[in-house]
Amino acid sequence: MSAEPPIYLDAHATTPVDPRVRQSMLPYFGERFGNASSRNHPYGWDAETAVDRAREQAAELIGCSPKEILWTSGATESDNLSLGGVVEAYRGRGDHLVTCVTEHPAVLDTARHLERRGLRVTYLPVDSSGLVDPDELRSALDDRTILVSIMLANNEVGTIQDVAALSAIVRESSPALVHTDAAQAIGKMPVDVERMGVDLLSMSGHKIHGPMGVGALYVRRRRPTVRLAPILHGGGQERGLRSGTLNVPGIVGMGRALEIAARERESEAARLQTLRDRLHEGLTGSLDGVRLNGHPERRLPNNLNVSFAGVEAESLIREVPGVAVSTGAACASASLDPSHVIRALGLGADRAHSSLRFGLHRFTTEEEIDRAIRMLVRAVRKLRG
Ligand SMILES: *Cc1c(COP(=O)(O)O)cnc(C)c1O
């Protein structure tokens, strides 16, 4: 790395841990090392109290009861448990899952895995802005549908689905449960499980300035009571739904991150949106052929996904080492295939091969945005010239 570290604009891949979160975790790597399942001494009681407090912090943010929060290792596990756990628990009632083509691989690959084991899966298409058509959802449902899984906000183009409207459709015509992957939405927009009418909701610690390796799953307990078959078996932690010693430092950190998100979300989202718009206008103001991917309004305040006409995205990234940015999801960027999300928007191969995803975060500054614009404009001009 040169003297100046690259400007980090890849916040959909991960976010830097907030110093307040780090501070909250430190005692749990030290003297407060107890196992939250130890019932016979104060070390265990202290850990359990810390885990319960984090459960309250999570519940507060999404409007549920702390009893409805289950700790996991991340949104990947929360997604796997939602799909796999519901499918197994409701096998007697149905054999059909509905999801969408722009989901995260944690949902798509789980769906494909279940499909190989005999489940029927409908992958709903999206329009050119990334939205699911409510009528397509309505006609996909049948009396054997047991789960509908539609993400709240997309991790590549930032498009925000109208999950409340989609879940209302499910409720009026089907007994199916509704799951949403809210890993990117948490902390960036209001998330309320009652208002959205969802039964399961996935969260991740490291997307909200918390630690990696910890996540949560909201599981509805009333109207309806969601039944879930565990995918991990063992000590029976988390009411038997998720065995394994709880990651106490991680859970404490994620709880703190959720608490900060609840308190600062509104002002932070407004600030991020202003900076995001500044980045967008800075690029379109100096360059021709910059086109927005995703929805112009229904999008995450910290997301910008744009295509640069005539420029190969991989070459552009190599040309601006001073900006840490990506062409798409971190998990997919090892391959040169254009992102499945941009392809699903149906904008053509050129557009897909020339798209960059920017993700702004809590510590992004105006000075960084202005510097990033200058570097990007220079690089695009050079590559086009
Ligand atoms: C990052 C992400 C995940 C995976 O979360 P992990 O906690 O890293 O397992 C799942 N879904 C979405 C939308 C994400 O952005």
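The values are calculated or read from the model by the stated rules, or taken from the named source; none is laboratory data. Fair warning: this is a prediction, and the values are worked out from it, not measured in the lab. All Cβ positions, glycine included, derive from the backbone under ideal geometry; neighbour counts span all protein chains shown. Just the protein is used for accessible areas: all its heavy atoms, side chains included, with ligands, DNA and RNA removed. Shrake-Rupley method; radii C 1.70, N 1.55, O 1.52, S 1.80 Å.
What the table below lists for this structure:
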{"quantity": "Filter result (buried (at least 17 other Cβ atoms within 10 Å of the Cβ) and within 20 Å of the chain's Cα centre (by Cα)) within the range 272-296", "calculated": "272, 273, 276, 293, 294, 295"}
{"quantity": "Answer from 160, 186 - the residue that is over 17 Å from residue 342 (Cα atoms) and touching a Lys or Arg at 6+ places or on another chain (Cβ under 9 Å)", "calculated": "186"}
{"quantity": "Index of the failed condition, residue 229 passing every other in (1) within 18 Å of residue 164 (Cα to Cα); (2) open to solvent by less than 40 Å² (accessible area, probe 1.4 Å)", "calculated": "(1)"}
{"quantity": "Single unsatisfied condition, residue 259 versus (1) open to solvent by less than 20 Å² (accessible area, probe 1.4 Å); (2) part of a helix (DSSP H, G or I)", "calculated": "(1)"}
{"quantity": "In the range 77-89, residue farthest from the ligand (Cβ to nearest atom) [restricted to those that are touching a strand residue (DSSP E or B) at 6+ places or on another chain (Cβ under 8 Å) and open to solvent by less than 10 Å² (accessible area, probe 1.4 Å)]", "calculated": "86"}
{"quantity": "Condition met for residue 97 (open to solvent by 10 Å² or more (accessible area, probe 1.4 Å), aliphatic (A, V, I, L, M), under 28 Å from residue 328 (Cβ atoms) and away from the ligand (no atom under 11 Å from the Cβ))", "calculated": "no"}
{"quantity": "Criterion: open to solvent by 10 Å² or more (accessible area, probe 1.4 Å) and under 19 Å from the mean Cα position of the chain (by Cα) - qualifying residue of 160, 186", "calculated": "160"}
{"quantity": "Residue 366, sole failed condition from (1) among the acidic types (Asp, Glu); (2) more than 18 Å from residue 11 (Cα to Cα); (3) within 26 Å of the chain's Cα centre (by Cα)", "calculated": "(2)"}
{"quantity": "Positions within the range 6-20 being within 12 Å of the ligand (Cβ to nearest atom) and not in a loop (DSSP other than H, G, I, E, B), in sequence order", "calculated": "10"}
{"quantity": "Subset of the range 40-76 (residues that are within 21 Å of residue 149 (Cα to Cα) and part of a loop (DSSP other than H, G, I, E, B))", "calculated": "63, 64, 73, 74"}
{"quantity": "Test: residue in the range 220-235 that is hydrophobic (A, V, I, L, M, F, W, C), within 19 Å of the chain's Cα centre (by Cα) and under 16 Å from residue 70 (Cα atoms)", "calculated": "no"}
{"quantity": "The range 113-130: number of residues that are within 16 Å of the ligand (Cβ to nearest atom) and either buried (at least 22 other Cβ atoms within 10 Å of the Cβ) or in contact (Cβ under 8 Å) with a residue 40 or more places away in the chain (or both)", "calculated": "2"}
{"quantity": "Search result, residues across the range 34-47 that are in contact (Cβ under 8 Å) with a residue 12 or more places away in the chain and not small (Gly, Ala, Ser)", "calculated": "35, 46"}
{"quantity": "So residue 135, is it farther than 23 Å from residue 348 by Cα, within 19 Å of the chain's Cα centre (by Cα), modelled with pLDDT of 95 or more and surrounded by fewer than 23 Cβ atoms within 10 Å (Cβ to Cβ)", "calculated": "no"}
{"quantity": "Residue 343 being assigned to a helix (DSSP H, G or I) and either outside the structural domain of residue 311 (by TED's automatic domain parsing) or not aromatic (Phe, Trp, Tyr) (or both)", "calculated": "yes"}
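So that you can scan it fast, the table gives a plain yes or no per residue for (1) away from the ligand (no atom under 16 Å from the Cβ); (2) under 14 Å from residue 79 (Cβ atoms); (3) open to solvent by 10 Å² or more (accessible area, probe 1.4 Å); (4) touching an Asp or Glu at 6+ places or on another chain (Cβ under 9 Å):
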position	(1), (2), (3), (4)
144	yes, no, yes, yes
148	yes, yes, no, no
165	yes, no, yes, no
168	yes, no, yes, no
171	yes, no, yes, no
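Residues are listed down the side, and each one gets a yes or a no for (1) open to solvent by 10 Å² or more (accessible area, probe 1.4 Å); (2) within 16 Å of the ligand (Cβ to nearest atom):
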position	(1), (2)
191	yes, yes
196	yes, yes
200	no, yes
207	yes, yes
210	no, yes
215	no, yes
221	yes, no
224	yes, no
233	yes, no
